[in-house]
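> Mind looking over this structure? Questions follow.
The values are calculated or read from the model by the stated rules, or taken from the named source; none is laboratory data. Because the structure is predicted, anything quoted here is derived from the model rather than measured. Neighbour counts are summed over all protein chains in view; Cβ atoms, including those assigned to glycine, are modelled from backbone coordinates with ideal geometry. SASA here: full protein model, heavy atoms, side chains in, ligands and nucleic acids out. Shrake-Rupley method; radii C 1.70, N 1.55, O 1.52, S 1.80 Å.
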Amino acid sequence: MATGYRSIPTEDGTYEDGGEERLTTFTEPLIGDDGDNGGKGPEDSDKVGLWIWLLTLSAGISGLLFGYDTASISAALLHLAPSLSTPEHAVTTWDKSLITSSTSLGALIGGLFAGLLADYMGRKGVIYVADVLFVAGAAWQALSNSVAAMVIGRAIVGLGVGVGSLIVPLYISELSPPSHRGRLVIINVLFITFGQLIAYALGIILSPPTLSQDASWRYMLGLGGLPAGLQAIIMIFMPETPRWLLQHSRRNEAAKVIAKVYGNLTAREVDQVITGIEAGVSADTSDTLTEKFKLLFSVGGNRRALTISCLLQGLQQACGFNSLMYFSATIFSMVGFRNPTATAMVIAGTNMAATAVAFNLIDRLGRRRILLLSIPGMAIGLLLCALAFYHLPMLAPDIAAAPNTTSITNPWSPFLILFMAFYVASYALGIGAIPWVVQSEFFPMRVRGLGTGMATATNWILNFIVGVSFLPAVELMYGGAAGLFVFYALVCVAGALAVWWMYPETKGLRMEEIEEVLREGWGSAAKRVD
């Protein structure tokens, strides 16, 4: 064990704590101001064990389902109207917005309660809950024959998306070594982008004339249940996280998990890792929900962690990105593309490629630096998209849903694709992935479930607002799509300023050390280790 002085900044910017610096005992060497380890603890090897990669890939199937279910609706919207219309009611733009946004509403509820369930059922148990919801929702959607039934099916899938979007980053974070935590969580985000790409590809393959218009969208949405069944089987062989086991006084089981996951540690080193985790884990699991809320809002460090996590999750949605995931095929139809789903695959492919780049950068450049470089790029991309929309004639959404046989003659059409790809690449490099890393690593164990639940709920509240408002806003807002994308760009500018002001760097720190960064003030202007 190593001993050193850690200075924690107070609200006025000084580095005193009760009049003197605190002596803190660490179970791994201290980390310098540049974010690199001066030495390495037993859990912070340059190499990680095979089991960690297997665990990450197994849990990441939920990310694939997340991406598939949020993107498959984009192609399905082009074909489902005749099947869900009745002689009394034809499917309208509002119906499509409601079908799309009901997933976000379900995810809001699922994400909020998943954090609480994770504290009591365990991280692994909640992954099973997500799988059941994915399978049930996929089957319900495939059998729907009305708008109301479809909304219910999408909401059930949304519950699964919300549960999975919270629990998988949390599961991976609690099993990962500090040096690889960011990259391993981003694998889950990479799975999300891969799921979106698969959804667009199947949207092309299953569309008429391959299948009838009625069968095509049913297969697109129903196939989402298959990976969930596979994951439920694989997770039987995966362990619970050692942090949850320690919180429930199951030290021997936690030690076995550490030994198996890391693979190359001696018994003494395993005990060293366990002791370090125990320093930040309370074995008191009797807190009521009211007590958890009180801890979350009354303790300054917890309150700051919640503020930053909710800020980043809210910005991830308020920047309008998921309007492209949900409506990209509709958008490209509205500006006259012959094969809008194939065109939308360019956006999904860019998203996946840029996320792969983020995987390589996050634990090298750090979270804060990537955000401050990528968010301004998003604003520029959105303004360029607005310029392209200004020069493109827009069809009404209902007209655009019909087969389009016109040729693309407007020279701004290829520029629109290019500008969108630039925006999406900037998004994927930073705000698309980092909020999921941050919310899993910022909260102390006693409030981690509730804190991550509230941050995830913030994400899905904004996701719902974007989903339900996008098509009506394009029709009614001054300037149409151009005006809306200018608004999204202004949101990005405000978000970049907020990140610069309050978001600290946390790369290389153990989850238990991150609590110290925010204990006495915003960590963005703080030296983590003196």
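> Can you say whether Ile370 is touching a residue at least 40 places away in the same chain (Cβ under 8 Å) and surrounded by 20 or more Cβ atoms within 10 Å (Cβ to Cβ), as far as the supplied structure shows?
So Ile370 passes the test.
Residue by residue, here is whether (1) surrounded by fewer than 20 Cβ atoms within 10 Å (Cβ to Cβ); (2) farther than 30 Å from Trp522 by Cβ; (3) at pLDDT 90 or above; (4) β-branched (Val, Ile, Thr) holds:
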{"site": "Glu291", "(1), (2), (3), (4)": "yes, no, no, no"}
{"site": "Phe332", "(1), (2), (3), (4)": "no, yes, no, no"}
{"site": "Val346", "(1), (2), (3), (4)": "yes, yes, no, yes"}
{"site": "Cys385", "(1), (2), (3), (4)": "no, yes, yes, no"}
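> Looking at Leu108, Leu133, Leu112, can you tell me which residue is part of a helix (DSSP H, G or I) and either within 30 Å of Gly508 (Cα to Cα) or of a type in the set (Val, Ile, Thr) (or both)?
Leu112
> Within segment 443-451, identify whether any single residue is among the β-branched types (Val, Ile, Thr), modelled with pLDDT of 90 or more and surrounded by 19 or more Cβ atoms within 10 Å (Cβ to Cβ), and answer yes or no.
Looking for residues that are among the β-branched types (Val, Ile, Thr), modelled with pLDDT of 90 or more and surrounded by 19 or more Cβ atoms within 10 Å (Cβ to Cβ), one finds none in segment 443-451, hence no.
> Next question, about the same structure. Condition test on Leu295, is it in contact (Cβ under 8 Å) with a residue 40 or more places away in the chain, assigned to a helix (DSSP H, G or I) and out of contact with any strand residue (DSSP E or B) (no Cβ under 8 Å at 6 or more places or on another chain)?
The answer is yes for Leu295.
> Out of all the residues in segment 408-419, is one or more within 20 Å of the chain's Cα centre (by Cα) and of a type in the set (Phe, Trp, Tyr)?
no
> Right, next: Those residues that are open to solvent by less than 20 Å² (accessible area, probe 1.4 Å) and in a helix (DSSP H, G or I), I need them from segment 215-242; list them, please.
The answer is Ser216, Trp217, Met220, Leu221, Gly225, Ala228, Gln231, Met235, Pro242.
> Continuing with this model, one more query. Looking at Ala136, Ala201, Ala232, Ala142 in this structure, which one is farther than 12 Å from Phe66 by Cβ and out of contact with any helix residue (DSSP H, G or I) (no Cβ under 6 Å at 6 or more places or on another chain)?
Values: Ala136 fails: out of contact with any helix residue (DSSP H, G or I) (no Cβ under 6 Å at 6 or more places or on another chain); Ala232 fails: out of contact with any helix residue (DSSP H, G or I) (no Cβ under 6 Å at 6 or more places or on another chain); Ala142 fails: out of contact with any helix residue (DSSP H, G or I) (no Cβ under 6 Å at 6 or more places or on another chain).
Only one candidate passes the filter, namely Ala201.
> While we're on this one: Scanning segment 243-262 for residues that are over 27 Å from the mean Cα position of the chain (by Cα) and not small (Gly, Ala, Ser), which turns out farthest from Ala118 (Cα to Cα)?
This residue is Lys260.
> Let me ask something additional. Within segment 424-448, how many residues turn out to be in a helix (DSSP H, G or I) and over 16 Å from the mean Cα position of the chain (by Cα)?
Taking segment 424-448 as the starting set, the residues that turn out to be in a helix (DSSP H, G or I) are 424-429, 434-441, 445-448.
In the following step, the residues that additionally are over 16 Å from the mean Cα position of the chain (by Cα) were identified as 445-448.
Total meeting the criteria: 4.
> Still on this structure: For Leu265, are the conditions met, namely being under 21 Å from Gly115 (Cβ atoms) and either open to solvent by less than 60 Å² (accessible area, probe 1.4 Å) or in contact (Cβ under 8 Å) with a residue 40 or more places away in the chain (or both)?
No; evaluated as a whole, the condition is false for this residue.
> Does at least one position in segment 452-462 carry a residue that is under 15 Å from the mean Cα position of the chain (by Cα), open to solvent by less than 20 Å² (accessible area, probe 1.4 Å), of a type in the set (Ser, Thr, Tyr) and not assigned by TED's automatic domain parsing to the domain that holds Gly158?
The answer is yes; a qualifying residue exists.
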